[in-house]
1. Does the range 130-150 hold any residues that are among the small types (Gly, Ala, Ser), within 16 Å of ligand 2 (Cβ to nearest atom) and either in a helix (DSSP H, G or I) or surrounded by 24 or more Cβ atoms within 10 Å (Cβ to Cβ) (or both), and which are they?
2. Gly355: at pLDDT below 95 and within 16 Å of ligand 1 (Cβ to nearest atom), yes or no?
3. Of the numbered conditions (1) without any contact (Cβ under 8 Å) to a residue 24 or more places away in the chain; (2) within 16 Å of ligand 1 (Cβ to nearest atom), Asp322 fails exactly one; give the number of that condition.
4. Within the range 151-187, work out how many residues are among the polar types (S, T, N, Q), within 22 Å of Leu114 (Cβ to Cβ) and either assigned to a helix (DSSP H, G or I) or out of contact with any Phe, Trp or Tyr (no Cβ under 8 Å at 6 or more places or on another chain) (or both).
5. For the condition small (Gly, Ala, Ser), part of a loop (DSSP other than H, G, I, E, B), farther than 30 Å from Ala8 by Cα and in contact with a strand residue (DSSP E or B) (Cβ under 6 Å, 6 or more places away or on another chain), what is the one hit in Gly296, Gly258, Gly287, Gly244?
6. If Asp79 meets every condition in (1) acidic (Asp, Glu); (2) open to solvent by 20 Å² or more (accessible area, probe 1.4 Å); (3) closer than 20 Å to Val38 by Cβ apart from one, which number is that one?
7. Residues of the range 186-218 being under 25 Å from Asp297 (Cα atoms) and of a type in the set (A, V, I, L, M), which ones?
8. Hey, can you tell me all the residues within the range 76-108 that are among the β-branched types (Val, Ile, Thr) and not in a loop (DSSP other than H, G, I, E, B)?
Amino acid sequence: MPIVNRVAAMHEEITAWRRDIHEHPEIGFEVHRTAGLVAEKLSAFGCDKVVPGIGRTGVVGIIRGRETASGSVVGLRADMDALPILETTGVPYASKSPGKMHACGHDGHTAMLLGAAKYLCETRNFDGTVVVIFQPNEEGLTGGLAMVEDGLMERFGIQQVFGMHTSPNHELGKFALCAGPMLAACDKFTIEITGKGAHAARPHEGIDPVVIGAQTIMALQTIASRTIDPLDAVVVSTCMVRAGEAFNIIPQSVGLTGTIRTLSERVREKTHARVRTIAEGTAALFGGLAEASFEGDVPVTVNDAEKTEFAIGVASEIVGRDNVQHMRPIMGAEDFSHMLRKRPGAFIMIGNGVGPGLHNPGYNFNDAAIPLGVSYWVRLAETAMPA
Ligand SMILES: [Zn+2]
Ligand SMILES: [Zn+2]
């Protein structure tokens with residue numbers, strides 16, 4: 001039983017929504033037009049309740065089934081925000097806001113969940129309640145938490161929650177996921193190194209924080225190779241270096257900033273401790289001082305084992321069991337993790353066809369995936385809460 005017929009009939013309409021959203025990308029929490037459009041459509045579909053302003057600019061729609069005696073409540077989540085990228089796709093509906101672009105497929109996620117909401121409002125062929133969740137600022141990795149902190153789960157009585165992301169690493173017609181950790185925890189680290197500024201021609205009178213910084217960057221690479229068990233995943237990437245201003249001045253200080261990605265709390269804590277020790281120890285070795293600090297609260301995206309099996313069953317109904325692939329965890333992060341920390345559920349990747357990667361200026365969501373994604377959403381609701 002592949003694509004739902006009624007969903008196939010909506011393909012063109014949903015594609016038009018997707019392209020409209022693509023043309024008008026918005027960033028972070030400033031997704032006012034998109035959130036407005038979502039709220040307007042949800043009301044027009046006949047949602048029992050539409051609540052804007054959850055997690056600042058998030059929108060929630062409530063759809064009650066033909067019956068609600070089961071008391072079941074399922075949350076389905078999409079993200080609405082774009083990225084600060086100059087689009088190069090050349091499509092006729094390319095971004096009208098230069099420097100902003102839907103390069104992560106959130107235009108497709110929003111359109112597909114809107115399509116599912118329309119179908120579910122029309123058919124109501126389930127016993128329970130569906131909560132459609134449209135979140136802002138996934139890319140900033142704080143929108144999911146903002147909605148959760150606004151009482152998303154408690155206010156709407158959500159018992160289980162599901163998310164979906166497009167994947168340009170998978171063929172069209174495939175779904176992919178895994179039970180347990182699927183995406184990494186993400187932390188930002190900053191190391192502030194203080195030396196002693198001097199004339200570049202008289203280095204013996206200073207303490208060179210650039211040399212300390214260089215040693216530190218290299219030493220941080222030993223965390224993955226020498227500290228953490230090779231069978232555990234960890235990434236430490238130093239991505240920003242702030243150093244001097246002139247070719248002939250040894251600066252007073254150097255700043256290093258980067259990211260740490262891990263798949264377990266144990267490895268995460270160990271990595272933080274090691275970054276601190278390496279920073280302080282390396283600086284001390286050369287007579288300087290260093291201070292490491294950490295920011296960010298994006299936990300590991302952990303799929304519940306039972307809900308993963310359930311999601312595999314639903315996706316198999318749409319594309320066949322052979323096209324639902326087990327994937328290895330990836331070190332990217334997703335702030336849907338905050339919702340999964342509150343309620344059991346599963347995150348699934350939907351094949352976009354192999355092409356330019358996410359966050360690449362040439363990436364474009366594949367509209368051919370729409371009927372598959374929408375069918376997945378509606379069957380998930382109907383299967384979780386059979387009428
Ligand atoms: Zn992204
Ligand atoms: Zn994304």
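1. The answer is Gly143, Gly144.
2. yes
3. (2)
4. Final tally of qualifying residues: 2.
5. Gly287
6. Exception for Asp79: condition (2).
7. Within the range 186-218, Ile191, Ile193, Ile217 qualify.
8. None; the set is empty.
The values are calculated or read from the model by the stated rules, or taken from the named source; none is laboratory data. This is a predicted model, so every value here is computed, not measured. Please note: Cβ atoms are built from the backbone with ideal geometry, for glycine as well, and neighbour counts cover all protein chains shown. These accessible areas exclude ligands, DNA and RNA; they are computed on the full protein's heavy atoms, side chains included. Shrake-Rupley method; radii C 1.70, N 1.55, O 1.52, S 1.80 Å.
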